[in-house]
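A quick write-up on the structure given underneath.
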Amino acid sequence: MDKLQKQLDHMLKDTKYWKPKDTFKDFVNDIFHKVRAGKTLSQKQKKIINTAVKRYSKFYHRQKNPDFREKTDKLVSKIELVTKTLMMCGYTMDYEHDAKIFLDSVKKQARRSGTISEKQVSALNKMYKRFLKRVQKIA
């Protein structure tokens, strides 16, 4: 098994890297099978695959970095605090469900990339304040 084949195999098996129903993963998988069958790739395919491998390598090494993991864990714990506060509020099931979907998506992004946007930070702060106010009102 040559180097490219090993890289593609490792990349395709990493479930943390791929989003559900990712069409680019299908493309990479097709290229992997071509390489495995011994077929030659066009210059354009080689360029795309090399870029994909470099991008994956950056993602992989960032995930293994202790500083990155610490920063990510801290961010995720803050999002989980907002989620716990939401569950103590006693909102309707529909409202809780919708808010939980948003919080889960932000948490997933935070775990994947280690960052969230300023708008997401602002939304989380507003939600936390609103939830905390409601909890204090109930108590």
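A few notes on this one:
- Considering each residue of segment 91-100 in turn, none proves to be out of contact with any Lys or Arg (no Cβ under 6 Å at 6 or more places or on another chain) and within 28 Å of ASP9 (Cα to Cα).
- Residue in segment 105-114 that is over 26 Å from PHE68 (Cβ atoms) and of a type in the set (Lys, Arg) present: no
- Residues of segment 78-97 that turn out to be open to solvent by 60 Å² or more (accessible area, probe 1.4 Å) and assigned to a helix (DSSP H, G or I), as a count: 9
- Within segment 60-76, none of the residues are farther than 30 Å from LEU12 by Cα, open to solvent by 90 Å² or more (accessible area, probe 1.4 Å), assigned to a helix (DSSP H, G or I) and at pLDDT 95 or above.
- Scanning segment 88-104 for residues that are within 26 Å of GLU70 (Cβ to Cβ) and at pLDDT below 95 yields nothing.
- Here LEU86 fits the description: touching a Lys or Arg at 6+ places or on another chain (Cβ under 8 Å) and more than 23 Å from PRO20 (Cα to Cα).
- Residues in segment 103-126 that are assigned to a helix (DSSP H, G or I) and in contact (Cβ under 8 Å) with a residue 24 or more places away in the chain: LEU103, VAL106, LYS107, ALA110, ARG111, ARG112, LEU124.
- Matching option when the condition is open to solvent by 30 Å² or more (accessible area, probe 1.4 Å), within 28 Å of ASP22 (Cβ to Cβ) and free of Cβ contacts under 8 Å to residues at least 40 places away in the same chain, among LYS100, LYS137: LYS100
- Test: residue in segment 31-42 that is modelled with pLDDT under 95 and under 21 Å from LYS16 (Cα atoms): yes
- The residues in segment 7-54 that are in contact (Cβ under 8 Å) with a residue 24 or more places away in the chain, open to solvent by 60 Å² or more (accessible area, probe 1.4 Å) and part of a helix (DSSP H, G or I) can be counted, and the count is 3.
The values are calculated or read from the model by the stated rules, or taken from the named source; none is laboratory data. All values reported here derive from a predicted model rather than from experimental measurement. Here the Cβ is made from the backbone with ideal geometry for all residues, glycine too, and neighbour counts use every protein chain on show. Remember, those area values only see protein heavy atoms, side chains included, never the ligands or the DNA or RNA. Shrake-Rupley method; radii C 1.70, N 1.55, O 1.52, S 1.80 Å.
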